[in-house]
Amino acid sequence: MAVLFHPLEAVPVGNPALPSLLQEGIFVPDISWSNPQCGASGDYLIQKRLRPCQQSDSLGLHHASLWGQSEMAIATWSIRERFNLQIELGSGQFFWQWQQGAQNLSGQSTGGLIGNADAKLVIFDVRDTMLDAHAGGWMGMGGSASINGTAVAHRTRAALRYWQLGVAMTQKISIFSPYLGVAVNRTHFQVSSLFPALGAFHARHIVGPFGGCSICAGSRFLINLEWRGWFEEGIALSAQLRL
């Protein structure tokens, strides 16, 4: 069982068995009790449907959604192939829209910082069943907005925070390590400096499946493809290298 604590943008869950998949280093011998790793990931959020939170409930906001993409650099410290400490930094571009009465409000948010820190711990292997928990978000993103197609003169600010719990089953089959799980996701998204309304939202759906597959032809490098559904629609591609 692997436990993941992921304290700082909806990022891909990743293969929960990652600490045990890369078993040999390029520069650090595999007999070492720890080793560094590096990687990169790209995530495409196809759609995340939202609902107004309590502070925006009286504004009549509806049909809200969020979509976009992000790119992250990954630095990892792996201990005994059972425990990973990981930092991810990057940025992205996101688009959002909702309706308020007869008005359609939309915009985009770019720049800013997406920062994640996580810890993955493999507790025990029972048919490679894993437990995953993480949280995160992005900050400092600004951009343009429009109301019924007319541009708003001032820039908006957007922020997103989320936490997520999931359980997954992984099975190693030759060079492939497919996994499938279910996640509970809670997201808070807010757009400020937007007249006539402050948009604050939660995820419309909080439970959904995720799945993917890691391909590791050797023991130093792997690539991972992942899909998420229902609580958000998204796909992600990542790569990891053991140094």
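The values are calculated or read from the model by the stated rules, or taken from the named source; none is laboratory data. What you are looking at is a predicted structure, and each value in this text was computed from that prediction instead of being measured. Ideal geometry is used to build each Cβ from the backbone, glycine not excepted, and the neighbour counts take in all protein chains shown.
Restricting the range 170-201 to residues that are modelled with pLDDT under 80 and buried (at least 17 other Cβ atoms within 10 Å of the Cβ), the residue that is nearest to residue 107 (Cα to Cα) is 194.
Go through the residues of the range 149-167 one by one and say whether even a single one is aliphatic (A, V, I, L, M), crowded, with 21+ Cβ neighbours inside 10 Å, at pLDDT below 85 and within 20 Å of residue 62 (Cβ to Cβ). Scanning the range 149-167, I find at least one residue that is aliphatic (A, V, I, L, M), crowded, with 21+ Cβ neighbours inside 10 Å, at pLDDT below 85 and within 20 Å of residue 62 (Cβ to Cβ), so the answer is yes. Return yes when residue 37 is assigned to a strand (DSSP E or B) and within 13 Å of the chain's Cα centre (by Cα) and no when it is not. No: the conditions fail for residue 37.
Checked against (1) at pLDDT 70 or above; (2) of a type in the set (Asp, Glu); (3) outside any strand (DSSP E or B), residue 125 passes all but a single condition, namely (1). Scanning the range 207-220 for residues that are surrounded by fewer than 17 Cβ atoms within 10 Å (Cβ to Cβ) and modelled with pLDDT of 90 or more returns 207, 209, 215. Of all residues in the range 70-92, those that are crowded, with 16+ Cβ neighbours inside 10 Å and under 16 Å from the mean Cα position of the chain (by Cα) total 8.
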